[in-house]
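**Student:** Next up is a structure, given as structure tokens.
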Amino acid sequence: MWLPLLVLLGLLFLYRRYRHGLILENLTDKYVFITGCDTGFGNLLAKQLDKRGMRVLAACLTDHGAEELKKETSTRLQTILLDVTNSQSVSAAAEWVNSIVLDTGLWGLVNNAGISIPTALNELLTKDDFARIFNVNLLGLIDVTLKMLPIIRKAQGRVVNVASIAGRIAVCGGGYCISKYGVEAFSDSLRREISRFGVKVSIIEPGCFKTFISSPERIIEKLHELWEMASEEIRCAYGQKHFDKYCKQFEAFSNLNPKLHQVTDCMEHALTAVYPQTRYSAGLDAKLYFIPLSYCPTVIADFFFPQGPESCGF
């Protein structure tokens, strides 16, 4: 009874592995536009795809980031300065991309740009603090996608949006988790709408990785600033002891996973595979802890996140 079932499961596993390994041909003819290439995942992905021979169009926030990236890549890679919170900057980037790809169209768009600060107890924050993160992580991503879609349709290409395990389970206060939940929802609705054009949408859900936006020093420094600005009533309600414990938990961020290629490999597969996945969970913590926990009853998830940030992943 069990043997046929095991054989069937084995065959299904082998078939999935076979499909997963099918890679497109003529990758050197394909253009990919990546946001947030100054540091972190975007920077590494730009170098990774450039080495593969693809035509990378890298968007950086700063001149310094763009210059450093060009020093470490081939002449195929081109850079542009982009502020995803500025619609004029986004429109100019779309026009620039269109002038390069022409009738070929844009094969891949990787929405990687993101910020995490301020991350804090919600009551320490203002509407503007939430909006600052939304404007980059969610509204900026939406603006870039909508402006690039006509060019992507020409190539029947790919949209790759970087969410997070924090888009599956809210692990800390502030706008980060909320913005990533929004990325998940936007990506799902977009995928269903544009599949008729042959365009595929993939979501990357990294676990806890060591990047610039997860710097414990920057997060804790901002936390202290917000605490000092809070009213006496709020500080008394939470207490100094609780706040100190809250801050201390972010020190664990210095031990986060440094293997950023685990995320960029997922991005590369989403861009180059014949059959890209809808969702990619990057990192063992995402696969074995955060994602399974997101399916558990609320009472179980709350048990693992009594304070919020101790396992927060970016």
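The values are calculated or read from the model by the stated rules, or taken from the named source; none is laboratory data. As the structure is a prediction and not an experimental result, all values here were calculated from the model. Every residue, glycine as well, gets a Cβ built from its backbone with ideal geometry; the counts of neighbours run over all protein chains shown. Ligands, DNA and RNA are stripped out before the accessible areas are found, and what is left, the full protein with its side chains, is counted by its heavy atoms. Shrake-Rupley method; radii C 1.70, N 1.55, O 1.52, S 1.80 Å.
**Student:** Just checking, which of V84, V90 is touching an Asp or Glu at 6+ places or on another chain (Cβ under 7 Å), part of a loop (DSSP other than H, G, I, E, B) and either in contact (Cβ under 8 Å) with a residue 40 or more places away in the chain or among the acidic types (D, E) (or both)? Before the answer, list the steps.
**Tutor:** Values: V90 fails: part of a loop (DSSP other than H, G, I, E, B).
So the residue among V84, V90 that is touching an Asp or Glu at 6+ places or on another chain (Cβ under 7 Å), part of a loop (DSSP other than H, G, I, E, B) and either in contact (Cβ under 8 Å) with a residue 40 or more places away in the chain or among the acidic types (D, E) (or both) is V84.
**Student:** Show me the helices (runs of 4 or more DSSP H) entirely contained within the stretch 200-290 in which 1 or more residues are in contact (Cβ under 8 Å) with a residue 24 or more places away in the chain and open to solvent by less than 10 Å² (accessible area, probe 1.4 Å). Before the answer, list the steps.
**Tutor:** On the way: elements: 216-229, 232-238, 240-249, 261-272.
Output list reads 216-229, 240-249, 261-272.
**Student:** Need the failing condition index for R168 against (1) in contact with a Gly (Cβ under 9 Å, 6 or more places away or on another chain); (2) within 30 Å of F305 (Cα to Cα); (3) surrounded by 15 or more Cβ atoms within 10 Å (Cβ to Cβ), just the number.
**Tutor:** (1)
**Student:** Continuing with the same structure: For the subset of the stretch 1-41 comprising residues that are aromatic (F, W, Y) and assigned to a helix (DSSP H, G or I), which member is most open to solvent (accessible area, probe 1.4 Å)? Show your work before the answer.
**Tutor:** We begin by selecting, within the stretch 1-41, every residue aromatic (F, W, Y); these are 2, 13, 15, 18, 31, 33, 41.
Right, trim to assigned to a helix (DSSP H, G or I) and you get 2, 13, 15, 18, 41.
Numbers: W2: 169, F13: 118, Y15: 121, Y18: 137, F41: 17 Å².
Selected residue: W2.
**Student:** So, K200, is that one farther than 20 Å from G108 by Cβ and out of contact with any Phe, Trp or Tyr (no Cβ under 6 Å at 6 or more places or on another chain) or not? Explain how you work it out, then say what you get.
**Tutor:** On the way: farther than 20 Å from G108 by Cβ: no; out of contact with any Phe, Trp or Tyr (no Cβ under 6 Å at 6 or more places or on another chain): yes.
Judged against the criteria, K200 is not a match.
**Student:** Evaluate the following for N161: is it open to solvent by 20 Å² or more (accessible area, probe 1.4 Å), free of Cβ contacts under 8 Å to residues at least 60 places away in the same chain and closer than 18 Å to G36 by Cα? Break it down stepwise before answering.
**Tutor:** Values: open to solvent by 20 Å² or more (accessible area, probe 1.4 Å): no; free of Cβ contacts under 8 Å to residues at least 60 places away in the same chain: yes; closer than 18 Å to G36 by Cα: yes.
The answer is no for N161.
**Student:** Another one. Step by step: first the residues of the stretch 170-199, then only those that are more than 16 Å from the chain's Cα centre (by Cα), assigned to a helix (DSSP H, G or I) and touching a residue at least 40 places away in the same chain (Cβ under 8 Å), then the one that is farthest from L141 (Cα to Cα). Which residue is that?
**Tutor:** Of everything passing the filter in the stretch 170-199, F197 is farthest from L141 (Cα to Cα).
**Student:** Moving to a separate point now. Being over 27 Å from E217 (Cα atoms), open to solvent by less than 20 Å² (accessible area, probe 1.4 Å) and of a type in the set (D, E) is true for just one of E184, E95. Which residue is that?
**Tutor:** On the way: E95 fails: open to solvent by less than 20 Å² (accessible area, probe 1.4 Å).
From the options E184, E95, the qualifying one is E184.
**Student:** Please tell me if L44 is under 15 Å from the mean Cα position of the chain (by Cα) and open to solvent by 20 Å² or more (accessible area, probe 1.4 Å). Explain how you work it out, then say what you get.
**Tutor:** Details: under 15 Å from the mean Cα position of the chain (by Cα): yes; open to solvent by 20 Å² or more (accessible area, probe 1.4 Å): yes.
Yes.
**Student:** So R218 ticks every box in (1) out of contact with any Cys (no Cβ under 9 Å at 6 or more places or on another chain); (2) farther than 20 Å from F134 by Cα but one. Which box is left unticked?
**Tutor:** For R218, the exception is condition (2).
**Student:** Would you pick out the residues in the stretch 12-65 that are in contact (Cβ under 8 Å) with a residue 12 or more places away in the chain and among the hydroxyl-bearing types (S, T, Y)?
**Tutor:** Listed by number, the residues that qualify are T28, Y31, T35, T39, T62.
**Student:** Condition first: open to solvent by 10 Å² or more (accessible area, probe 1.4 Å), free of Cβ contacts under 8 Å to residues at least 60 places away in the same chain and under 20 Å from F41 (Cα atoms). Now tell me which residues in the stretch 100-138 satisfy that.
**Tutor:** If the condition is that a residue be open to solvent by 10 Å² or more (accessible area, probe 1.4 Å), free of Cβ contacts under 8 Å to residues at least 60 places away in the same chain and under 20 Å from F41 (Cα atoms), then F134, N135, V136, L138 are the ones that fit.
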